[in-house]
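Undergrad: Dropping the structure in here first, questions after.
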Amino acid sequence: MRPVLPAKPGAAPARPVFMHADDLAQIRFALDFAARHGLRLVIVGGADAWRVADTLRERDVPVVIGGLLRLPMRRDDPPDALFTLPAKLAAAGVRFCITDGGRDSTNARNLPFEAAHARAFGLSDDDALKAVTLYPAQILGVADKLGSLDVGKLANLFVADGDPLEPSTRIERVFIQGREVELSDRQTALRDKYLRR
């Protein structure tokens, strides 16, 4: 794919370029490459992003954190290195969001737990929820349409019996584009079948 280049010298391109970079050398290469070619960069992965947080903030380079539930980058890194990454980026003023770490949608169900881990390791309650709702929409440039409940935005809404980031919370109702959707599926049918025994 050919990058969208700026119309005027020095102007940022219309669309960002997403580059996978986890370790420090990869992130520095991505930053240099983007600066050299005048690209609007978004780092994906970003395990070592906290090490260059000042540069990321100065250049307004957001980080799409590629999952927290994985091993640290190096053997001598602290065990909580990835869990504390969102809090470190937030404290440094770097824009970020949290993904489930998967290359497809099979791990999407774990996304709230990724944010909950970040919250347990220093990220505020507000930032933890926004890291999986508003912040991704802002990074993707669609926050005018998605990411928060505001007049005029497309909104999917759910009703839960507790904190949406906690594993024990049950989703009771879901509304997609203003219409309630049925929550029963094969798993709930099996659960109900065996609860009646």
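Undergrad: One residue is enough: does segment 45-53 have a residue meeting the conditions surrounded by 19 or more Cβ atoms within 10 Å (Cβ to Cβ), of a type outside the set (K, R), on the phi > 0 side of the Ramachandran plot and part of a loop (DSSP other than H, G, I, E, B)?
TA: yes
Undergrad: Here's a follow-up. From G147, G122, grab the single residue that is surrounded by fewer than 19 Cβ atoms within 10 Å (Cβ to Cβ), small (G, A, S) and not in a strand (DSSP E or B). It would help to see each step written out before you state the result.
TA: Details: G147 fails: surrounded by fewer than 19 Cβ atoms within 10 Å (Cβ to Cβ).
Result: G122 is the single residue among G147, G122 that is surrounded by fewer than 19 Cβ atoms within 10 Å (Cβ to Cβ), small (G, A, S) and not in a strand (DSSP E or B).
Undergrad: On the basis of being in contact with a helix residue (DSSP H, G or I) (Cβ under 9 Å, 6 or more places away or on another chain) and within 20 Å of D127 (Cβ to Cβ), does I27 make the cut?
TA: On the way: in contact with a helix residue (DSSP H, G or I) (Cβ under 9 Å, 6 or more places away or on another chain): yes; within 20 Å of D127 (Cβ to Cβ): no.
Judged against the criteria, I27 is not a match.
Undergrad: Could you tell me which residue of segment 16-44 is modelled with the highest pLDDT, considering only residues that are under 18 Å from P136 (Cα atoms) and part of a loop (DSSP other than H, G, I, E, B)?
TA: Of everything passing the filter in segment 16-44, R40 is modelled with the highest pLDDT.
Undergrad: Next up: Give the residues of segment 65-111 that are among the basic types (K, R), within 13 Å of D127 (Cα to Cα) and in a loop (DSSP other than H, G, I, E, B), sorted by residue number. Walk me through how you get there before you give the answer.
TA: At the first step, the residues of segment 65-111 found to be among the basic types (K, R) are 70, 74-75, 88, 95, 103, 109.
Cutting the leftovers down to within 13 Å of D127 (Cα to Cα) gives us 88, 95.
Once the filter is applied, which keeps residues that are among the basic types (K, R), within 13 Å of D127 (Cα to Cα) and in a loop (DSSP other than H, G, I, E, B), segment 65-111 yields only R95.
Undergrad: Moving to a separate point now. Is it true that A137 is closer than 18 Å to T99 by Cβ and either touching a strand residue (DSSP E or B) at 6+ places or on another chain (Cβ under 9 Å) or in a loop (DSSP other than H, G, I, E, B) (or both)?
TA: Working: closer than 18 Å to T99 by Cβ: yes; either touching a strand residue (DSSP E or B) at 6+ places or on another chain (Cβ under 9 Å) or in a loop (DSSP other than H, G, I, E, B) (or both): yes.
So A137 fits the description; yes.
The values are calculated or read from the model by the stated rules, or taken from the named source; none is laboratory data. Since we're looking at a predicted model, the values are computed, not measured. Methodologically, a virtual Cβ is constructed for each residue, glycine included, from the backbone with ideal geometry; neighbour enumeration extends over all protein chains shown.
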